[in-house]
């Protein structure tokens, strides 16, 4: 009964969510709770579902491409990746979810507490300082952000950006892994061993991987190829209601340790302090040691 009531209220919630989005961005209000409302109102999870889970700017789109290429055996005829692997927090895409061919694959930035508890989860992780740099450029290009990187970085450390705290998001997914079927994929490993990670993801999801298709998959899943075809990946193409959209800036560099170019001295020390307070027991020493 509650599910039926939620569906009847969904059109109103969609309007409220758009108003909230418009009001939240200029004031940098934390939008952490809103995705949960959207999902619970319209989404029916299945055991066969696969979720690509991450904090924003951690390599989510890259893994979307990998999963879609594995599922199709190497296909680039889609108009936009979000039509094939939707972002479940975005209500404008929900009309297509029930018609997706199994296994359905979704992108999400939901926390562990918020995520539907059915299916498999691929959790994409990236060094938090690189996330901060990439997220700042995303804010500049898509949110009409007018402040300096230092101003944004302070808000990032405090979790006062869209989708809240990177530290808390990563911590919750790391500490609850044993309760769910979770595979961790590291952005930095995708850069150094793309083929190995393709095979790892295929084995985890059960998606077929033919050796004869590997050269094509490696080409289509390379960062340079996605950069050249970013009209199929840039969120602004699909979500024209996003404030301040400027095309051509969604896929930027795809490098690791970009933070070394902009974060020095106290900024690095502040990150280390926050990391130790939140993630010292989350088995992520690889992300702390590269700060030394």
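Going by the structure shown, is residue 163 on the phi > 0 side of the Ramachandran plot and at pLDDT below 95? First the steps, then the outcome.
Working: on the phi > 0 side of the Ramachandran plot: yes; at pLDDT below 95: yes.
Judged against the criteria, residue 163 is a match.
Quick check on this structure: which one of 236, 244, 254, 248 is part of a helix (DSSP H, G or I) and either under 20 Å from residue 56 (Cβ atoms) or at pLDDT 85 or above (or both)?
236
Going through 99, 77, 108 one at a time, which residue ends up being out of contact with any helix residue (DSSP H, G or I) (no Cβ under 7 Å at 6 or more places or on another chain) and buried (at least 20 other Cβ atoms within 10 Å of the Cβ)? It would help to see each step written out before you state the result.
Details: 99 fails: buried (at least 20 other Cβ atoms within 10 Å of the Cβ); 77 fails: buried (at least 20 other Cβ atoms within 10 Å of the Cβ).
Only one candidate passes the filter, namely 108.
Considering each residue of the range 117-137, count those that are surrounded by fewer than 22 Cβ atoms within 10 Å (Cβ to Cβ), assigned to a loop (DSSP other than H, G, I, E, B) and touching a helix residue (DSSP H, G or I) at 6+ places or on another chain (Cβ under 7 Å), and give that number.
Number of matching residues: 0.
Tally time: how many residues in the range 141-185 are part of a helix (DSSP H, G or I) and either crowded, with 17+ Cβ neighbours inside 10 Å or touching a residue at least 12 places away in the same chain (Cβ under 8 Å) (or both)? Working first, answer last.
As a first pass, look at the range 141-185 and keep what is part of a helix (DSSP H, G or I): 141-142, 149-158, 166-175, 177-179.
Next, only the ones that are either crowded, with 17+ Cβ neighbours inside 10 Å or touching a residue at least 12 places away in the same chain (Cβ under 8 Å) (or both) stay: 141-142, 149-150, 152-153, 155-157, 166-175, 177.
Selection size over the range 141-185: 20.
Which members of the range 186-222 meet the condition of being outside any helix (DSSP H, G or I) and closer than 19 Å to residue 58 by Cα?
Listed by number, the residues that qualify are 186, 193, 221, 222.
If you go through the range 186-199, how many residues are within 16 Å of residue 220 (Cβ to Cβ) and either surrounded by 18 or more Cβ atoms within 10 Å (Cβ to Cβ) or modelled with pLDDT under 95 (or both)?
Matching residues across the range 186-199 total 3.
Give the residue, chosen from 68, 10, that is in a helix (DSSP H, G or I) and either under 27 Å from residue 191 (Cα atoms) or modelled with pLDDT of 85 or more (or both).
Being in a helix (DSSP H, G or I) and either under 27 Å from residue 191 (Cα atoms) or modelled with pLDDT of 85 or more (or both) holds for just one of 68, 10, which is 68.
The values are calculated or read from the model by the stated rules, or taken from the named source; none is laboratory data. All of these numbers come straight from a predicted model, not from anything done at the bench. All Cβ positions, even for glycine, are placed from backbone atoms using ideal geometry, and neighbour counts span all protein chains on display.
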